[in-house]
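First the structure, in the form of structure tokens, and then the observations on it.
The values are calculated or read from the model by the stated rules, or taken from the named source; none is laboratory data. The structure displayed is predicted, hence computed values, not measured ones. Glycine gets a Cβ as well: all are built from the backbone with ideal geometry, and neighbour counts include every protein chain shown. Quick note on the areas: whole protein, heavy atoms, side chains included, nothing else; ligands and nucleic acids left out. Shrake-Rupley method; radii C 1.70, N 1.55, O 1.52, S 1.80 Å.
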Amino acid sequence: DMPIGILASLAVCTVLYVAVSAVLTGMVHYSQLNSPAPIAVALDLHPELSWLAGWIKLGAIAGMTSVMLVMMLGQPRIFYAMSRDGLLPPLFRMVHPTHRTPYVGTLITGTLAALIAGLFPVTILGELVSIGTLLAFTTVCIGVLVLRYSRPDLPRPFKVPAPWFVCIAGALICSGMMVSLPHDTWVRLLVWTVIGLLIYVFYGFRHSELRRAGR
């Protein structure tokens, strides 16, 4: 049921994004929408819609806040799973005795997110999030196709239909969108990737539970 819910949500979001984009390009020229807040820009150029601008901006703030809260809840749990597998230090899998949540990872993630958000422009942050997400999607698309043939024995509650088309098309589309991002964003991605590889080489590889189990 969860994959169906995710796919349905993606379909609804896609329709809404296309509809909003069509309305905005009808209100102003597309060249004026290259902004962190394109809806607010479009409404500000139409004084007759000034009564709506405040509500739209309030909704945007509420939407971004909810997304950030979900990500702040999700990232510490990813660190928790990685720590449980030995890829990160044990402090990331420390669970609060009362609330039963990975509180140390949450504190570290929240502090780093606040520092990065306060020090970097929103444009750079948006590009970093975009290229990181697109790289993750590309990796997942390729990984699903590889696992379909290298590990056919794995339990699969949900199977990707037409994997040769879906996975390859997904990887190509995400890679194409990555190519459109600025050169500086690629440099930052390379730096983050190198940092991650160093953590894996000097800590994760030696402490990996999967590696130990294979000895």
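Rg of the Cα atoms in segment 1-119, relative to 2.2 N^0.38 Å, amounts to 1.47.
Determine, from the Cβ-Cβ distance of ALA37 and LEU115 and an R0 of 30 Å, the FRET efficiency 1/(1 + (r/R0)^6), rounded to the nearest 0.05. After rounding to 0.05, the efficiency reads 0.80. Once the C-beta distance of PHE165 and ILE6 is scaled by a Förster radius of 25 Å, the resulting FRET efficiency is 0.85 to the nearest 0.05.
How many percent of the accessible area of the chain is carbon or sulfur, using a 1.4 Å probe? If you can, show how the numbers build up before the last one.
Numbers: 11700 of 15460 Å².
Heavy-atom surface of the chain belonging to carbon and sulfur, 1.4 Å probe: 76 percent.
Based on alpha carbons, the Rg and Dmax found for segment 80-142 are 15.0, 40 Å. Taking segment 156-215, how much of its Cα-Cα pair set, in percent, is spaced more than 13 angstrom apart? Value for segment 156-215 (Cα pairs over 13 Å): 75 percent. Kirkwood-based Rg over Rh for the chain (C-alpha set), two decimals? When Rh is taken as the Kirkwood radius, the ratio is 1.00. The residues of the chain expose, per residue, 72 Å² of accessible area to a 1.4 Å probe. Between amide H atoms placed 1.01 Å from N, distances below 5 Å from LEU88 occur with SER83, all of them 5 or more places distant or on a separate chain.
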